[in-house]
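Below is one structure, written out as structure tokens, with a few remarks after it.
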Ligand SMILES: Cc1ncc(COP(=O)(O)O)c(C=O)c1O
């Protein structure tokens, strides 16, 4: 039952920071119109590019036919979906037939993991993943353990890197699936996917990567990477929310997790969401042509300034092979949610190392896996820039960021 007795709080009282042991964090805080609005939570979701919206709009109101229908109205939608599939396939260097449009990236990850583990049970029940995966990967593996599968959760080093040799060692003749994320959503570590692809090439195990955070930063060429399945997400690429894509190599033995009509080559039943599919393809096209130099420069300027302003703070994750927009810092002794709310009051939006409400914190598995003590996890802040971030935004953040 929801607790309606808690009151919205006056955020002004957080201007004086409390200690990590007795944080002053409100259950709810007031939402007022801010003078500045600086969005630095692009790893959580991105604003939609106006060009994407423009591409989508006709498919809501004018070209609304069901693509399965035989009439002209249906054909309009079918052609749009076919074109979107071709666009995505070209970027992934695969066949259009290998692109499966799903409801979300969570669903795409579930399809990849449940779909191949269950379909290949006769070949083995050993699966491999890492300790830093998004919950939409980790939780399906935990569920498969309950179904009798044996899962190896690989450690990462203190910068979040998986060692490809650990994968080699963990493989058995009964391994049927290996899932390693392309880039970590919290600390920005870019994993050695190409090296892992090479290792797995001659093994029966399918190789899946959750690539939600990577578009624009590294190649999505499925042939170069030697991967069998790849998850992508509209919400992280300035596209619409509520659409995910799973690339599935045509040789992959996989079964559906949603049953119904024969949509998406019988792998994902449900009427196509034409506007979202069109929007996804447009967003992917735009992001893969983008240039990260500006974001990287602004990110480095902010990071340098923050570490200078707060000398006891430290960066989590690597300096090389890191997502260009990601900063994750720990400010020991300070509860990160207090800083988050202080910044929020100033119109700056960031996130913390714990998915939480006060008193109900679930410390980040990634920060745990890189060896951060619990207290430091609660003192960790994630700041993720986007393509709309400006130099003025960064100057304002540097000026506003509290020196606790
Ligand atoms: C790495 C990664 N995988 C999967 C997801 C799940 O995306 P969605 O919630 O849109 O299904 C996210 C979203 O935070 C993510 O960052």
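For this structure, a couple of remarks:
- Segment 195-344 shape via C-alpha gyration tensor axes, a/c threshold 1.5: prolate
- Using a Gaussian network model of the chain in which every pair of alpha carbons under 10 angstrom is joined by a spring, one finds that among 138, 312, 299 the greatest mean-square fluctuation is at 312.
- Annotation: extensible slack from residue 143 through residue 83 equals 18.0 nm (criterion: 0.36 nm per residue apart, minus Cα-Cα distance).
- Neighbour-count order for 41, 122, fewest beta carbons within 10 angstrom listed first: 122, 41
- Projected label distance in nm at residue 60 and residue 165, using a 7 Å step from Cα toward the beta-carbon: 5.4
- For the chain, the 222 nm mean residue ellipticity estimated from helices alone, with every DSSP H stretch of n ≥ 4 adding -39500 (n - 2.57) and the total spread over all residues, rounds to -10500 deg cm²/dmol.
- Nearest-ten-degree value, helix 274-288 long axis tilted from longest Cα axis of the chain: 70
- Against the main long axis of the alpha-carbon atoms of the chain, helix 391-400 sits at an angle near 40°.
- Over the chain, volume per residue of the alpha carbon convex hull, in Å³: 159
- For segment 153-250, the square roots a ≥ b ≥ c of the C-alpha gyration tensor eigenvalues yield an a/c of 1.5 or more together with a/b not exceeding b/c, which makes the shape oblate.
- Rounded if a/c under 1.5, otherwise prolate or oblate - segment 200-253, Cα gyration tensor axes: prolate
- Were the residues from residue 194 through residue 400 laid out at 0.36 nm apart, the gain over their Cα-Cα distance would be 70.1 nm.
- In nm, spacing of pseudo-spin labels at residue 97 and residue 158 (7 Å Cα→C-beta vector): 5.0
- Cα centroid separation - segment 282-319 against segment 176-192, whole Å: 19
- Extension gain, residue 150 back to residue 288 (0.36 nm per residue minus Cα-Cα distance, nm): 46.0 nm
- Translational diffusion coefficient (Stokes-Einstein; Kirkwood radius from C-alpha pairs) of segment 50-288 at 4 °C, 1.567 mPa s, in µm²/s: 72
- Rounded to 10°, Cα long-axis angle of helix 135-146 versus longest principal axis of the chain: 60
The numbers here are math on the coordinates, done by the rules we state, and not lab data. Keep in mind it's a predicted model, so treat the numbers as computed, not measured. Neighbour counts run over all protein chains shown; Cβ positions are idealised from the backbone, glycine included.
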